[in-house]
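In what follows, a single structure is set out as structure tokens and then discussed.
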Protein chains: 2
Amino acid sequence: MCQLLGMNCNVPTDICFSFEGFCERGGATGTHEDGWGIAFFEGKACRVFVDTQPSANSPIAELVKNYPIKSLNTIAHIRKATIGAIELSNTQPYRREAWGLEWIFAHNGDLWNFNPTINGAYQPVGTSDSERAFCTMLNSLKKKYPDCPPPLHIFQKELEEICNPIAEYGTLNFLLSNGQVLFARCSTELYYIVREAPFDKAHLKDKDISIDFSQHTTENDRVAVIATEPLTDNEHWTKFEAGQLITFKNGQVL
Amino acid sequence: MCQLLGMNCNVPTDICFSFEGFCERGGATGTHEDGWGIAFFEGKACRVFVDTQPSANSPIAELVKNYPIKSLNTIAHIRKATIGAIELSNTQPYRREAWGLEWIFAHNGDLWNFNPTINGAYQPVGTSDSERAFCTMLNSLKKKYPDCPPPLHIFQKELEEICNPIAEYGTLNFLLSNGQVLFARCSTELYYIVREAPFDKAHLKDKDISIDFSQHTTENDRVAVIATEPLTDNEHWTKFEAGQLITFKNGQVL
């Protein structure tokens, strides 16, 4: 099993505080030490850092912690290998271009015996169930909408319809973004919080670090953070329902 | 215009020495300071670092210099923007998955008025001539070989046939790799060197740094380095001919 972290905002925001706590779960406070990755959308483009070392002591994670990249949509993943060897090709998040946009996907959960015929242009590079699910989703959407994606409310419905049968193979918690919105789907474990004015202090659960968001924000800022387990111990996080898919845009639930 | 650096080897090798000199051209010894990127194949997977800051003083370039990633195929690019704004979506190398393999592409040169109809699944995310060329190449190949790529000698011929009409729009020097081989095409400026036993010392042209390769290699190692301009001043680099496309495999010309 793995852990997910996502952030969707209305102004470009760095994820340093949340990532600091999240990284600890990759080898320090958690056993998700079989690689990690993070993707930052910057405009239409996306920057992805991945490493097969545990996030708690990866030099690349150290760089990411100390080099604040501001983004409207960020997705991070720490891995505990179950299906697929510990190697870079099985390290998430995964990335594909579709309709001239970058798509980033990270999955938590196991999809046992999920070996669909890959029917379309998107083919897995590695051997994980997660990448097979991502390619299946994109191939289905591209088959139905070859030229451009449908409007957002239809896209969400299509995504739900594609995901539900895949989720029957096991557990399908995931984060998916095209840089404009962030989709979060829950089978079992996923929480979110929306931070907006009046901003307050937050304290990490995995490391004794606090931040006073009121010192780093304007009153119009809004940030949604989504994670497998709440990252702070003094805020209220909302648990997703089983089977729920939420679209986040501009830092709020759409 | 931009500069290219590629490395193809028979054993995983780090590019630190060459990259150290190459980086200087992005803001120190050269004016290619509008972003840079480097892609390392590790097995079937690929790790790409990109930044819009000049390579000579980018914190990510600093990490890459000090974190030796060993790879059979590496492609780096430093940019001097001509077509397409200075932003991450126009920062090379570009990446796409095709036939279950990652493909990495970096281009040097300008393709003026190259605005083809994009006929296929691969669409540009940014606005550069280079990404349009890459997508056009992949779409043409995928159209003719939808299920799997042809054998290597046919693939090279197909690639040449696709590239020649594109090159008529201007200058098409490029590096392309799928992690197994590295294709290098020259319109105007491209050099290569094959280093093998007996290994000797090399001295960078852009920074006063030397290396004695005999201290870092075994007698079976073989490394081909390809660059827009020779990186060392005490070795013999071979200049490509205009229109020449060379396939490198296991550190040698195929």
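Quick check, is residue A:79 within 14 Å of another protein chain (Cβ to nearest Cβ), in contact with a His (Cβ under 9 Å, 6 or more places away or on another chain) and more than 22 Å from residue A:195 (Cα to Cα)? So residue A:79 fits the description; yes.
So which of A:82, A:74 is over 20 Å from residue A:232 (Cβ atoms) and among the hydroxyl-bearing types (Ser, Thr, Tyr)? Step through it out loud before you land on a result.
Working: A:74 fails: over 20 Å from residue A:232 (Cβ atoms).
Criteria check complete, one pass: A:82.
Of A:86, A:69, all but one fail to be part of a loop (DSSP other than H, G, I, E, B), at pLDDT 90 or above and either surrounded by fewer than 24 Cβ atoms within 10 Å (Cβ to Cβ) or within 12 Å of chain B (Cβ to nearest Cβ) (or both); the exception is A:69.
Within segment B:117-142, being at pLDDT below 95 and out of contact with any Phe, Trp or Tyr (no Cβ under 9 Å at 6 or more places or on another chain) holds for B:117, B:118, B:119, B:120, B:127.
Looking only at strands (runs of 3 or more DSSP E) that fall completely inside segment A:1-62, which ones have 3 or more residues that are within 14 Å of chain B (Cβ to nearest Cβ) and not small (Gly, Ala, Ser)?
Here the list reads A:36-42, A:45-51.
Residues of segment A:176-192 that are over 18 Å from residue A:93 (Cα atoms) and surrounded by fewer than 18 Cβ atoms within 10 Å (Cβ to Cβ): A:188 alone. Tell me, yes or no, whether segment B:15-38 has at least one residue that is touching a residue at least 12 places away in the same chain (Cβ under 8 Å), buried (at least 24 other Cβ atoms within 10 Å of the Cβ), under 18 Å from residue B:211 (Cα atoms) and of a type in the set (Val, Ile, Thr). Yes: one or more hits.
In segment A:89-111, the residue that is farthest from residue A:185 (Cα to Cα) out of those that are assigned to a loop (DSSP other than H, G, I, E, B) and not β-branched (Val, Ile, Thr) is A:100. Scanning segment A:177-201 for residues that are among the β-branched types (Val, Ile, Thr) and in contact with a helix residue (DSSP H, G or I) (Cβ under 8 Å, 6 or more places away or on another chain) turns up just one, A:181.
Out of curiosity, is residue A:100 of a type in the set (Gly, Ala, Ser), closer than 21 Å to residue B:97 by Cβ, more than 8 Å from chain B (Cβ to nearest Cβ) and over 17 Å from the mean Cα position of the chain (by Cα)? So residue A:100 does not fit the description; no. Looking at B:114, B:134, B:155, just one residue is free of Cβ contacts under 8 Å to residues at least 24 places away in the same chain and either part of a helix (DSSP H, G or I) or more than 9 Å from chain A (Cβ to nearest Cβ) (or both), and that residue is B:155. Looking across segment B:87-99, the residues that are out of contact with any Cys (no Cβ under 7 Å at 6 or more places or on another chain), touching a residue at least 12 places away in the same chain (Cβ under 8 Å) and not polar (S, T, N, Q) come down to B:87, B:88, B:93, B:94, B:96, B:98. For residue A:49, the criteria (1) without any contact (Cβ under 8 Å) to a residue 40 or more places away in the chain; (2) in contact with a Phe, Trp or Tyr (Cβ under 8 Å, 6 or more places away or on another chain); (3) surrounded by fewer than 22 Cβ atoms within 10 Å (Cβ to Cβ) hold in every case but one, which is (3).
Evaluation of residue B:204 against the conditions (1) at pLDDT 95 or above; (2) in contact with a helix residue (DSSP H, G or I) (Cβ under 7 Å, 6 or more places away or on another chain) shows that the sole unmet condition is (1). Whenever a residue of segment A:57-78 is within 20 Å of residue A:176 (Cβ to Cβ), its partners that are charged (D, E, K, R), lying with C-beta atoms within less than 8 angstrom and at least six residues away or across chains, give the pairs A:69/A:14; A:69/A:42; A:69/A:47; A:71/A:14; A:71/A:42; A:78/A:25; A:78/A:33. The criterion of being part of a loop (DSSP other than H, G, I, E, B), without any contact (Cβ under 8 Å) to a residue 40 or more places away in the chain, under 19 Å from the mean Cα position of the chain (by Cα) and within 14 Å of another protein chain (Cβ to nearest Cβ) holds for residue A:124.
The values are calculated or read from the model by the stated rules, or taken from the named source; none is laboratory data. If you're wondering where the values come from, they're calculated on a predicted model, not measured in any experiment. Please note: Cβ atoms are built from the backbone with ideal geometry, for glycine as well, and neighbour counts cover all protein chains shown.
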